[in-house]
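Worksheet: one structure, shown below.
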Amino acid sequence: MDALRRFFDSELWADFRASPMALAAAAIAGACLFCALFAGWVAPHDPFDLATLELGDARLPPAWLEGGSAKYLLGTDDQGRDILSALMYGARISLAVGLASVLLSMALGVALGLVSGFIGGRTDALIMRVCDVMLSFPAILVALLIDGVGRALFPDAHETLAFGVLILAIALPGWVPYARTVRGSTLVERQKEYVQAARVIGVAPSRIMRRHVLPNVMGPVLVLATIQVATAIITEATLSFLGVGVPPTSPSLGTLIRVGNDFLFSGEWWITIFPGAMLVLIALSVNLLGDWLRDALNPRLR
Amino acid sequence: MLAFILRRLAQAVAVMLTVAFIAFLLFQHVGDPITNLLGQDATSEQRAQLRAELGLDAPAPVQFVHFVGNALRGEFGLSLRQGRKVSTLIAERLPATLELALTAALLALALGIPMGVLAALKRGTALSQLLMTVSLLGVSLPTFLIGILLILLFSVWLNWLPSFGRGEVVALGSWWSTGWLSVDGWKHLVLPAVTLAVFQLALILRLVRAEMLEVLRSDYIRFARARGLSDRAVHFGHALRNTLVPVITITGLQLGSLIAFAIITETVFQWPGMGLLFIQAVSFADVPVMAAYLCLVALIFVAINLVVDLLYFAVDPRLRVERGAAGT
């Protein structure tokens, strides 16, 4: 409770309430997150329950167009699934994959950055060389290649394994910015007196890194992580759109767009455009939140 | 200087060997080609004989050296799905991808630079705000969505432009086919090229604007104005020229990204390039094609980065002094 009260008294919270852009972005991102988390309760239909699907209801346009039905607000797809409900379930998978891969790349990047900055020497040089090389390839290409290689190695993978490979593929090219940021701040922190004091009284280096340096270098990491969530969600959607992402049995937003793309020419644009709009909405709102957080935490702008 | 070049070259070779090793592992894992080649009924002597002929009985390091040797000659074997030589398949698809990427790059430069200059010179006006907002949208919209929206608008609703394939191509010599020489080819090229260019265009616009604003603040621009030069001469003769150096480097580096993003664009528009070939290979676990694409793309990226590094070195004398002083 105390921590909560301190948060509401903080400058960050005041800054947040004063920024209409941040409020709007947070509201949209929050609404998307809510729908995704509670899709089971919020969604008007269950798109995976085959018993409730009626083929007679297939390819209905959104409710406000001619031929639309109030039962299906955003229309239905070729199997008679409610688009709105499919969106909510799809967003759940997109967000889960996005968040998981960001957490993974953050853990990897922070650990490597800490080690690199704290230990220095050859270890540092090696890690930074690897960073340089990773940076010269675009993230989406590396993700695609890892995912492709993973699929070739485990052709009949279990669904859990397929998700694991996908999350790894998105996370692996993502750790570099964390490592660079953390390394930079660690180099500064390492020189400070509290670290020297800890060394003098004989605290083990691994403990100094974890307990003393880590909390002091996490600020920029949080900003980076927020922005990376948007990137990860878009990467996931791109891979799923290309047909190499999530397994088809658990469709994400990207899968929905891919499936809907086939109906573009027969005039059923809503099957693909609404998932696309949802994707852009999530990515933009998370990006705007990240931008705000960066400016709010930047002492130079204060 | 020599040490710097050698170090870069060593790094490039290390990256290529790593990629080749991954490709090699892929081959190792797909299973025994002997059974595929001989069928179930072959005797163990026949198997052993073929194994020796193909060099598959050698220890793994020797096989790897063999693999690299073949890769250097462009030999990746036969495609599992199409039964044709991988090198031929890729050579057929290369012109389509290169034409698409090149057209997109030129488009992004031709529109991005003037728009960036405009946004910098008209800072604070509604026009500049509009350009910045649109470019923000351009960098945050996923490529495949842009493609879908363009298809919906120009192919489905307006019915102006075709949405898939390369259209009519003209053969230039025996190994290059171009869509640049026919009206139909151009019609097919418009939407994919625009889709691929949007992200780069937005990036170039923002970069040119930022650089231009930076340069316009510098002393020599104030001096040029004090000398009474016209706005035109100051903006285009002095400011723009100095803005363009970093822009050209970044664009050079982005050429590799264009080839990467071409995978997405090619899938949306069913453009018969290397990217589409790769995606199809991934869905069918066609390992030889995947391995070849992997190596080729890595080679393109490593080459571009190496050239840019060396160019930097040649262009920027400060770098030479610093590296020399560090002296290893």
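Every number in this text was worked out from the coordinates using simple rules, so none of it is lab data. Just so it is clear, the model here is predicted, and its values are computed rather than measured. Neighbour counts are summed over all protein chains in view; Cβ atoms, including those assigned to glycine, are modelled from backbone coordinates with ideal geometry.
Based on DSSP H runs of at least 4 residues, each adding -39500 (n - 2.57), what is the mean residue ellipticity at 222 nm of chain A after dividing by all its residues, to the nearest 500 deg cm²/dmol? The helix contribution divided over chain A gives -22500 deg cm²/dmol. In the protein assembly as shown, the C-alpha radius of gyration followed by the widest Cα-Cα span (Dmax) gives 27.1, 92 angstrom. Averaged over the residues of peptide A:266-272, the number of Cβ atoms from other protein chains lying within 10 Å of each residue's Cβ is 2. The helix-based estimate of mean residue ellipticity at 222 nm for chain B, built from -39,500 (n - 2.57) per DSSP H run of four or more residues and divided by its residue count, is -24500 deg cm²/dmol to the nearest 500.
The B:Arg232 and B:Lys122 beta-carbon pair, evaluated with R₀ = 22 Å, returns a calculated FRET efficiency of approximately 0.90. Among B:Arg206, B:Arg166, B:Arg227, the largest mean-square fluctuation in a Gaussian network model of chain B (Cα springs under 10 Å) belongs to B:Arg227. On the basis of the beta-carbon distance and an R0 of 45 Å, B:Gln28 and B:Leu310 show a calculated FRET efficiency of 0.80. A simple charge model with +1 on the Cβ of Lys and Arg, -1 on the Cβ of Asp and Glu and nothing else charged puts the dipole of the protein assembly as shown at about 2720 debye relative to its Cα centre.
GNM remark for chain B: springs join alpha carbons under 10 Å apart, and the peak mean-square fluctuation among B:Val308, B:Val287, B:Val134 falls on B:Val134.
Legend: mean number of C-beta atoms from other chains within 10 angstrom of residue C-beta atoms, peptide A:144-151, equals 6. Counting Cβ atoms of other protein chains within 10 Å of each residue's Cβ and taking the mean over peptide A:132-140 gives 5. The fraction of Cα-Cα pairs per 5 angstrom bin, counted from 0 for region B:92-180, comes to 3, 11, 13, 17, 18, 15, 11, 7, 4, 1, 0 percent, rounded to whole percents.
Phi-derived couplings, Karplus 6.51 cos²θ - 1.76 cosθ + 1.60 at θ = phi - 60°, listed residue by residue for region A:169-176: 4, 6, 6, 4, x, x, 7, 4 Hz, with x used for Gly and Pro.
Place a +1 charge on the Cβ of each Lys and Arg in chain A and a -1 charge on the Cβ of each Asp and Glu, then give the dipole magnitude about the Cα centre in debye, rounded to the nearest 20.
1700 debye
Of the residues B:Thr249, B:Thr103, B:Thr195, the one that moves most in a GNM of chain B with alpha-carbon contacts below 10 Å is B:Thr249. Over region B:175-236, the pair-distance histogram of Cα-Cα distances with 5 Å bins from zero comes to 4, 14, 14, 12, 10, 10, 9, 9, 8, 7, 3, 0 percent, rounded to whole numbers. How far is helix B:287-315 tilted off the main Cα axis of chain B, in degrees rounded to 10, range 0 to 90? Compared with the principal axis, the helix lies near 40 degrees. Once Lys and Arg get +1 and Asp and Glu get -1 on their Cβ, which of B:Ala224, B:Leu89, A:Thr160 lies farthest toward the positive end of the dipole of the protein assembly as shown? Selected residue: B:Ala224. Considering the dipole of chain A built from charges on the beta carbon (Lys and Arg +1, Asp and Glu -1) around the Cα centre, which of A:Gly243, A:Leu264, A:Leu284 is farthest to its positive end? Positive-end residue among those listed: A:Leu284.
Applying 0.36 nm per residue to the separation of A:Ser10 and A:Phe38 and subtracting their alpha-carbon distance, the gain on full extension is 7.0 nm. Whole-Hz Karplus values for region A:233-239 come out as 5, 5, 4, 4, 4, 5, 4 Hz, taken residue by residue from phi with 6.51 cos²θ - 1.76 cosθ + 1.60 and θ = phi - 60°; glycine and proline positions read x. The calculated FRET efficiency for B:Leu9 paired with B:His66, based on their beta-carbon distance and R0 = 35 Å, is about 0.90. For region A:66-202, what D do you get in µm² per second when you plug the Kirkwood radius from alpha-carbon pairs into Stokes-Einstein at 25 °C and 0.890 mPa s? D = 134 µm²/s.
Subtracting the Cα-Cα distance of A:Val200 and A:His158 from 0.36 nm times their residue separation leaves 10.0 nm of extension gain.
When only Cα pairs under 8 Å and 6 or more residues apart are kept, what is the percent relative contact order across chain A?
Contact order relative to length: 22 percent.
Shown here are the Rg and Dmax of the Cα trace of chain B, at 25.0, 92 Å. The convex hull around the C-alpha trace of region A:100-159, projected and averaged over every direction, spans 5.2 square nanometres. Translational diffusion coefficient of region B:157-293 (Stokes-Einstein, Kirkwood radius from Cα pairs, 37 °C, 0.692 mPa s): 179 µm²/s. In sequence order, region B:14-23 has phi-based couplings of 4, 4, 4, 5, 4, 4, 4, 5, 4, 4 Hz under the Karplus curve 6.51 cos²θ - 1.76 cosθ + 1.60, θ = phi - 60°, and Gly or Pro positions carry x. A Stokes-Einstein calculation at 4 °C with viscosity 1.567 mPa s, built on the Kirkwood radius of region B:130-220 over Cα pairs, returns a diffusion coefficient of 83 µm²/s. Measuring nothing but alpha carbons in region B:47-111 and taking Rh as the Kirkwood radius, the Rg to Rh ratio lands at 1.25.
Give me the Debye-computed log₁₀ of I(q)/I(0) at q = 0.10, 0.14 Å⁻¹ for chain A, equal point scatterers on Cα only, no solvent, two decimals. So the normalised log intensities are -0.67, -1.11. With the simple model of a label 7 Å out from the Cα in the direction of the Cβ, A:Ala18 to B:Val156 spans 4.6 nm. Model label sites at A:Leu126 and B:Leu130, defined 7 Å from Cα along the beta-carbon direction, differ in position by 5.6 nm.
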